[in-house]
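Colleague: The following block contains the structure, expressed as structure tokens.
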Amino acid sequence: MAVLVALGAFLMTLAGGWTAQRVTDRRHLVLGLAGGLMLGVVGLDLLPEALEAAGTEVFGVPAALLLFVAGFLLAHLVERLLAVRQAAHGAEEHDGRAPEVGLTAAAAMVGHSAMDGVAIGAAFQVGGGMGAAVALAVIAHDFADGFNTYTITSLYGNARRRAVAMLVADAAAPVVGAASTMFVTIPAQLLGGYLGFFGGALLYLAAAEILPEAHHEHPARSTVLCTVAGVAFIWLVVGLAA
């Protein structure tokens, strides 16, 4: 059952990537929506789950929050190091961005999608009702994952075939993750730490790259509305799954 549900996530992820690909003439709206979806996923989905799952504190601070900050800082450092390395070697960048950053971010999205599949499998082990609730949340926000994976990869100057390849990998990841729960169980604290770390990296990309780029050439009210709509969509998904 978990694998069959994960196939729905596979299709929804492809649908999100297809949508991002088809609206290139409204790029600022795509980026505004992507930024809102990423912000919503981090603040309303990933971070609350991470805090609940990780549990422990380190010197008075929840471990999930420390890893959240670490993920944010690591994303910043990786981007800067890759940009400096490319500049030193005279390599071409896309609007000052290193393509490797886009691939790294997309790879992190693939890892997150695999964890989505694991979450589906684990929930169905608890019970059918729990599995259905988690599946609803995962399938709905996998549209955002596919949308963001394609957008992030292409935004950093990667060729379309690379963006499509990362999109397909992101779509397949939940199926692989769900299937893995038949053989492996991930401790809750480890999963919570991962979600916190990934949330920090994703927030950096949304706040430092995606949203500024959305308003760079088209500082329109419609772009802000798309960002708000993205956050509201994730809030609706989280609320329905609660």
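Read-outs: derived from the displayed coordinates by stated rules, not from any lab. These figures come from a predicted structure and were not determined experimentally. FYI the Cβ positions are ideal-geometry reconstructions off the backbone, even for glycines, and counts take in every protein chain you see.
Colleague: Calculate the dipole size of the chain relative to its Cα centre from +1 charges on Lys and Arg beta carbons and -1 charges on Asp and Glu beta carbons; express the result in debye to the nearest 20.
Modeller: Once rounded to the nearest 20, the dipole reads 380 debye.
Colleague: Where a ≥ b ≥ c are the square roots of the eigenvalues of the C-alpha gyration tensor, would you call the chain rounded, which needs a/c under 1.5, or, failing that, prolate if a/b is larger than b/c, or oblate?
Modeller: It comes out prolate by the Cα gyration axes.
Colleague: Quick check on the chain: helices-only [θ] at 222 nm, where DSSP H runs of length 4 and up contribute -39,500 (n - 2.57) each and the sum goes over total residues. Nearest 500, please.
Modeller: Calculated at 222 nm, the ellipticity per residue is -27000 deg cm²/dmol.
Colleague: In whole Hz, what ³J(HN,Hα) sequence does the range 183-195 give by Karplus (6.51, -1.76, 1.60; θ = phi - 60°), x for Gly and Pro?
Modeller: Each residue's phi maps through the Karplus curve to give 10, 10, 10, 8, x, 4, 5, 5, 5, x, x, 5, 4 Hz.
Colleague: Please list, in order along the range 10-22, the HN-Hα scalar couplings obtained from phi with the Karplus expression 6.51 cos²θ - 1.76 cosθ + 1.60 (θ = phi - 60°), rounded to whole Hz, x for Gly and Pro.
Modeller: Per-residue couplings from phi come out as 4, 5, 5, 5, 4, 5, x, x, 4, 4, 4, 6, 7 Hz.
Colleague: Measuring from the lowest to the highest alpha carbon on each principal axis, how far does the range 133-216 reach, largest first, in angstroms?
Modeller: 45, 27, 21
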